[in-house]
Amino acid sequence: MFGSVYTGLTGMMTFSRGLDVISNNVSNLNTPGYKANDLLFQDLFYNYRMASESGTNNPGSEIGNGVTGDRTVMREGQGEISQTGNSTDIAIDGNGFFILRDGSDIYYTRAGQFEIDEEGYLVDRTNQARVAGFEDGDLIDINVDSLGNNRPQATTEIILTNNLSSEATEHVVNNVEIYDALGASHIINLTFTNEESSWRVTVTDEQDNEIASGGEIRFQADGSPDDGFNRYNFEFAPEGVNSTDILLNFGEPGSFTGVTSFATGENSELKVDSQDGYPSGSLIQLGFDRDGTLTAEYSNGKDDESTQLALAWFDDIQALRQIGSGLFLAGEGNEPTIDVPLQGVMGEIVEKSLELSNVDLTLEFTDLIIMQRGFQGSSQILTTANEMMQQLLDMGQGSR
């Protein structure tokens, strides 16, 4: 009977630990990146007693001594990915852990709740550890200071398209916007004058002052640009700014994807297709591509790419130790495989999103019922054993 008391007590203690585990899981239902745990039930040692009769069919008895729950196992399944709209929130769809570095300390997490600190580093919101990236094969702390502004680019090429009618005497392309070396915008006009065998090009500014003249453009008999006369360079030198050379590109000889010269009467459709200059831009937002590349979007419509995120993966996920705040520590000998997203075993990055907890409430409530009934059953064993011992004591008193 005393053994029954001990056995029942181990059941009550173990089911109580199980309740602690379930309570922690349910409490972290909304914790990003949280991995639920399950208590591992294990039976205790056994007492063996040989049978009094010999023979192989009489092995004796095996009486157990209860249960213990000294170890938990982590559920490795991925939680649901939910959009947050925050540009520095990122989730991993598939394998991988983000790498966080705080001096010599290294942490791993699935909770991509990041922000930019005062020094421009991408850091974890909870403990301010820096997020690691890959650059030239080495781990670095991701810093976005260099992405603060996008430098301007002076216009160096203007690409033209459509038809310049061979029957027209003149055609003017007005209000062509270009940029100088400081990113300032300027308006120029392009005038094309038909001289029968060729076209003369004149460039003027918005005050109709001549910038360049004497350019000659020719076309072949098939209407495509002529070799050696399909480009025109001129110098643009606004006051107080370094001069730049600008190329007017009319397309390739024999090609009809650029400018053509067919007979279409006095009407020409020649226009500017594109130019490569742009002003300076301020940072609008940061984001991450599927492969973990940090991208910056600027007010001038340009994008810039920077460092790639680094991810870690382990052969033995169960060897990781949870320390709170969504962080994991790797034990000695549990070395990670480090790579970038979409390479090797690593998953892909989902921007403006977070991975939610993988806690399953249905499973937790089911386990809760089991823990409650198990605790009640174990306590009933103690009650029954106590009543039996009390009955034995009462028998002793009755014999006096």
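Taken together, the values in this text are just the output of simple stated rules run on the coordinates, not laboratory data. Here the structure is a predicted model, which means the values were calculated and not measured. Cβ placement follows ideal geometry from the backbone for every residue including glycine, while neighbour counts extend to all protein chains displayed.
Diffusion of the chain by Stokes-Einstein, at 25 °C in a medium of 0.890 mPa s and with Rh set to the Kirkwood radius over alpha-carbon pairs, works out to 86 µm²/s. Its convex hull of Cα atoms gives region 261-332 a direction-averaged projected area, equal to a quarter of the hull surface, of 10.9 nm². In plain terms, if you count all Cα to Cα distances in region 157-275 and split them into 5 Å steps from zero, the share in each step is 2, 12, 23, 26, 18, 11, 6, 3, 0 percent.
Here residue 343 and residue 187 are evaluated by their C-beta separation; at R0 = 60 Å the FRET efficiency comes out at 0.80.
The protection proxy used here, the mean number of other Cβ atoms lying within 10 Å of each residue, ranks peptides 174-183, 383-392 as follows, highest first: 174-183, 383-392. Remark: relative contact order (the chain) = 23 percent; criterion is Cα-Cα distance under 8 angstrom and separation of 6 or more residues. Take the Cβ-Cβ distance between residue 231 and residue 264 as r, set R0 to 25 Å, and report the resulting FRET efficiency rounded to the nearest 0.05. Step by step, r from the Cβ atoms, then E = 0.60. The stretch between residue 242 and residue 196, if pulled fully straight at 0.36 nm per residue, gains 12.9 nm over its current Cα-Cα span. Scaled against the 2.2 N^0.38 Å expected of a compact globular protein of N residues, the Cα radius of gyration of region 198-268 reads 1.28. Multiplying the residue separation of residue 319 and residue 208 by 0.36 nm and subtracting their alpha-carbon distance yields 32.4 nm. Round to the nearest 0.05 the FRET efficiency obtained for residue 221 and residue 159 when R0 = 22 Å and r is the Cβ-Cβ distance. Efficiency for this residue pair is about 0.40.
Against the longest principal axis of the chain, how steep is helix 361-398, in degrees 0 to 90 to the nearest 10, with axes from Cα atoms? The angle comes out at about 10 degrees.
Angle of helix 2-27 to the longest C-alpha principal axis of the chain, folded into 0 to 90 degrees and rounded to 10: 20°. In plain terms, the chain from residue 332 to residue 83 could stretch by 86.1 nm, reckoned as 0.36 nm per residue minus the Cα-Cα distance. The peptide list 88-97, 365-374, 146-155, 31-40, put in order of mean Cβ contacts within 10 Å with the highest first, becomes 88-97, 31-40, 146-155, 365-374. With the highest mean first, a sort of the peptides 191-199, 292-300, 134-142 on other beta-carbon atoms found within 10 angstrom per residue produces 292-300, 191-199, 134-142. Rg of the Cα atoms in region 289-400, relative to 2.2 N^0.38 Å, amounts to 2.18.
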